[in-house]
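The values are calculated or read from the model by the stated rules, or taken from the named source; none is laboratory data. Just so you know, these numbers come straight off a predicted model, no measurement behind them. For neighbour counting, all protein chains shown are included, and Cβ atoms are generated from backbone atoms with ideal geometry for every residue, glycine included.
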Amino acid sequence: MTDRLSAYAPQALAVLRIVAALLFFLHGTQKLFGFPATDFMPPVGSIFWFAGVIEIITGIAIALGFFTRPAAFIASGTMAVAYWMVHAPGNLFPANNGGDAAILFCFVFLYLVFAGPGAWSINKR
């Protein structure tokens, strides 16, 4: 049974890449354009605004499988910084500080740095 499932590993990796990237992209559009609806719109040029720009650009690149490894590296680092600068100072535990998504994005994207894009990417490995 596991041999059969292993045959679909590249496609499963691609689904993980695409879904994570699209969610990441939405975090960026929320920061920069207020979509999906939010009360938080950072000032242009602030660190949060730059995070939104990174989330949109790397989200698109990762979803398409275009320069996945470098884009994922940048996205992973951005989320590590976000966790330690924004979430951790209030409380170290992600369940208490709202940093769950930042940690998950950080490690999913870090995995993509090493695993590559999987199937269905513009740049084939």
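Given 107, 35, which one is without any contact (Cβ under 8 Å) to a residue 60 or more places away in the chain, in contact with a Ser or Thr (Cβ under 7 Å, 6 or more places away or on another chain) and not basic (Lys, Arg)? Only one candidate passes the filter, namely 35. Does residue 81 fit the bill of being of a type in the set (Val, Ile, Thr) and closer than 24 Å to residue 8 by Cβ? No, not satisfied. Among the conditions (1) in contact with a helix residue (DSSP H, G or I) (Cβ under 9 Å, 6 or more places away or on another chain); (2) free of Cβ contacts under 8 Å to residues at least 60 places away in the same chain; (3) of a type in the set (Phe, Trp, Tyr), residue 93 misses just one, which is (1). As a summary of the residue check, residue 19 satisfies the conditions (1) touching a Gly at 6+ places or on another chain (Cβ under 9 Å); (2) modelled with pLDDT of 95 or more; (3) not small (Gly, Ala, Ser) except for the one numbered (1).
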